[in-house]
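Read the structure below first, then the notes.
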Amino acid sequence: MIARVPVLELMSKNPVTVSTEVTVSEAAMLMKDRCIGSLIVVDGQAPVGIVTERDLVTKVLALGLSVTDTRVKDVMSTPLVSIHPHMETAEAAEKMAKLKIRRLAVVDSGKLVGLITENDILRIWPNLIEVTREYSAAGLAEKTKGIEGHCEACGIYSTDLRAEGGILACAECRER
């Protein structure tokens, strides 16, 4: 049985934000410097999208676009999927699974108040991997055995993902 815990108990309360006009290069450097995989994009104070490492790879690098000329507003994922801070964490995990996303903005009365990621949830309840990734959590209790899924650093499927630096990483990325 999973305790009823609101998202606000697990979320990051100060998500890193960028303006819609920031270049992809600036966004990538900020992600690198802060060791994070995403940035919430704001227009003034209003959260309007999210830009992730995957967005940078699939929408910029893979297409050969200029990282200094391309703005995050052109590659961000939008509309921003958000939840209320009092939503139960298990419901947030279900929403992530249904939408096949790993991050949810937490918004209260139109104001960004946090960010919750799949990893935030899994740190507390590893068995929710069944909900967030829709496959068995077998082996999570064993420290020597990794889990299956896509590496959050390089995006390649691995049967040996392990938590490192706040993300689930494959063996190659853990060695870097």
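The values are calculated or read from the model by the stated rules, or taken from the named source; none is laboratory data. Everything numeric here is computed off the predicted structure, so don't read it as measured data. Glycine also receives a Cβ, built like all others from the backbone with ideal geometry; neighbour counts cover every protein chain displayed.
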Practice task
Check whether at least one residue in the stretch 22-31 is at pLDDT 95 or above, part of a strand (DSSP E or B) and crowded, with 16+ Cβ neighbours inside 10 Å, and report yes or no.
Solution key: yes
Exercise for the section: Quickly run through the stretch 83-102 and pick out the residues that are surrounded by fewer than 20 Cβ atoms within 10 Å (Cβ to Cβ) and touching a residue at least 12 places away in the same chain (Cβ under 8 Å). Expected result: 84, 85, 86, 87, 88, 90, 94, 95, 97, 99, 101
Problem - Of all residues in the stretch 120-176 being surrounded by 15 or more Cβ atoms within 10 Å (Cβ to Cβ) and among the hydroxyl-bearing types (Ser, Thr, Tyr), the one that is modelled with the highest pLDDT - result: 158
Fill in the blank from the handout: Filtering the stretch 52-75 down to residues that are in contact with a Lys or Arg (Cβ under 9 Å, 6 or more places away or on another chain) and not in a helix (DSSP H, G or I) yields 52, 65, 70, 75
Exercise for the section: Mind counting the residues in the stretch 32-55 that are farther than 16 Å from residue 169 by Cα, among the hydrophobic types (A, V, I, L, M, F, W, C) and surrounded by fewer than 22 Cβ atoms within 10 Å (Cβ to Cβ)? Expected result: 3
Fill in the blank from the handout: The residue from 36, 50 that alone is modelled with pLDDT of 95 or more, out of contact with any Gly (no Cβ under 7 Å at 6 or more places or on another chain), within 30 Å of residue 125 (Cβ to Cβ) and aliphatic (A, V, I, L, M) is 50
Fill in the blank from the handout: Just one listed residue, out of 19, 38, is in contact with a strand residue (DSSP E or B) (Cβ under 8 Å, 6 or more places away or on another chain) and under 19 Å from residue 101 (Cβ atoms), and it is 38
